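The values are calculated or read from the model by the stated rules, or taken from the named source; none is laboratory data. Everything numeric in this text was worked out from a predicted model, so none of it was measured. Heavy atoms of the whole protein, side chains included, go into the accessibility calculation; ligands, DNA and RNA do not. Shrake-Rupley method; radii C 1.70, N 1.55, O 1.52, S 1.80 Å.
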Amino acid sequence: MKIIKAEYVTSAVELLGLLKDEKPQFAFVGRSNVGKSSLINALSGKKNLAKTSSTPGLTKMVNYFLINDSFYFVDLPGYGFAKTAHKTKKVWAKVIEDYFENSSNLATVFVLLDIRHEPSENDKMMIKYLILNQISFKIIATKSDKIAKSKIKNYLRAMANQLNVREDIIKAVSIQSKQGLNEILKYIESCVEVNS
Ligand SMILES: Nc1nc2c(ncn2[C@@H]2O[C@H](COP(=O)(O)OP(=O)(O)O)[C@@H](O)[C@H]2O)c(=O)[nH]1
Ligand SMILES: [Mg+2]
């Protein structure tokens, strides 16, 4: 699949602003700075579609992008860096849960984790939340260009162990080397075909 059209549609800060539309949605979630906006831009082939870290305000919103007039990329707010004494307390924005609970047309959630870092408690909680709520998800290990090619597989295996998930749902991706981008596009294409 080639993305020939990608346009910003709207942003939401709360439940009321969430988009009501039948087209399938692919959501990108993960802590701030993990590379959500960059990945949306790289997949779309547009440099500034989703604003990257230089525009902090937008990272608190749910941002919708319509792709090829047929599905959405949804850039969700980052988890932030908040450290909490109460480990089990959910620290992600309420609008993230509002989004998951109210988007019946959610095709897949891409959970992004930096390939170099151990999964945080928030990452683990997010994955548990998605499993518990039977929401389809894939894990994306971002910034794979930051480690030696020969080590990527070991990093993915360690991440799968730490998260207690199957290795084959984790894909290494880089916007610099372009690793994994085509594979994600192919996956999205297969989901869109099923949904339409
Ligand atoms: N080296 C490298 N840097 C990346 C990659 N993806 C994102 N970044 C950088 O990571 C920073 C945060 O990216 P951004 O997309 O704004 O993260 P977000 O907060 O999750 O949306 C930016 O400086 C990006 O250039 C990647 O694949 N490789
Ligand atoms: Mg962002």
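Can you compute 3J(HN,Hα) from phi for each residue in region 163-169, using the Karplus curve 6.51 cos²θ - 1.76 cosθ + 1.60 with θ = phi - 60°, rounded to whole Hz and x for Gly and Pro?
So the J values, rounded to whole Hz, are 8, 6, 10, 5, 4, 6, 9.
Can you sort Met159, Met61 by solvent-accessible area, 1.4 Å probe, largest first?
Values: Met159 5, Met61 55 Å².
Result, largest first: Met61, Met159.
Here are some pairs, Lys5/Lys143; Lys47/Lys128; Lys36/Lys186; Lys153/Lys186; Lys94/Lys124; which of them have Cα atoms lying more than 23 Å apart in this structure?
Working: Lys5/Lys143 25 Å; Lys47/Lys128 33 Å; Lys36/Lys186 18 Å; Lys153/Lys186 21 Å; Lys94/Lys124 17 Å.
From the list (Lys5/Lys143; Lys47/Lys128; Lys36/Lys186; Lys153/Lys186; Lys94/Lys124), the Cα-Cα distance tops 23 Å for Lys5/Lys143; Lys47/Lys128.
Counting DSSP beta bridges with both partners in the chain, what percentage is antiparallel, nearest 5? Walk me through the intermediate numbers first.
Details: 11 of 29 bridges.
About 40 percent, rounded to the nearest 5.
222 nm [θ] for the chain, helices only, -39500 (n - 2.57) per DSSP H run of 4+, per residue, to 500? Kindly include the intermediate steps, with their values, before the conclusion.
Details: 5 runs with 57 residues, N = 196.
Taken over the chain, the calculation gives -9000 deg cm²/dmol.
What accessible surface, in Å², does a 1.4 Å probe find on Lys51, ignoring ligands, DNA and RNA and rounding to the nearest 10?
Taking all protein chains as shown, Lys51 has close to 90 Å².
Report the Cα centroid-to-centroid distance between region 140-196 and region 95-133 in angstrom, as an integer.
15 Å
Report the accessible area of Ile131, computed with a 1.4 Å probe over the heavy atoms of all protein chains in place, in Å² rounded to the nearest 10.
Rounded to the nearest 10, that gives 90 Å².
Which shape class, rounded, prolate or oblate, goes with region 6-195 when its Cα gyration tensor gives a ≥ b ≥ c as root eigenvalues, a/c under 1.5 marks rounded, and past that a/b bigger than b/c marks prolate? Before the final figure, lay out each step's value.
Numbers: a/c = 1.40, a/b = 1.14, b/c = 1.23.
Here region 6-195 falls in the rounded category.
For Ala6, what residues show an amide H to amide H distance below 5 Å, using hydrogens built from the backbone and excluding near sequence neighbours?
Here the answer is Asn68, since their amide H atoms fall under 5 Å of that of Ala6.
With a 1.4 Å probe and every protein chain left in place, work out the accessible area per residue of region 6-195 in Å², rounded to a whole number.
Values: 9980 Å² over 190 residues.
For region 6-195, the per-residue accessible area is 53 Å².
Which of the three applies to region 105-196, rounded, prolate or oblate, going by the alpha-carbon gyration tensor with a ≥ b ≥ c and a/c under 1.5 meaning rounded? Show your work: numbers first, answer last.
Working: a/c = 2.24, a/b = 1.18, b/c = 1.89.
It is oblate, given that a/c is not under 1.5 and a/b is not larger than b/c.
Once the piece of chain linking Ser104 and Asn68 is laid out straight, how much longer is it, given 0.36 nm per residue of separation minus the C-alpha distance between them? Don't jump to the answer; show the numbers that get you there.
Values: separation 36, 0.36 × 36 = 12.96 nm, distance 2.03 nm.
Result for the pair: 10.9 nm of gain on full extension.
Run the numbers on the chain and let me know its relative contact order in percent, using alpha-carbon pairs under 8 Å that are six or more apart.
Values: 327 pairs, mean separation 44.5, N = 196.
Once normalised by length, the contact order is 23 percent.
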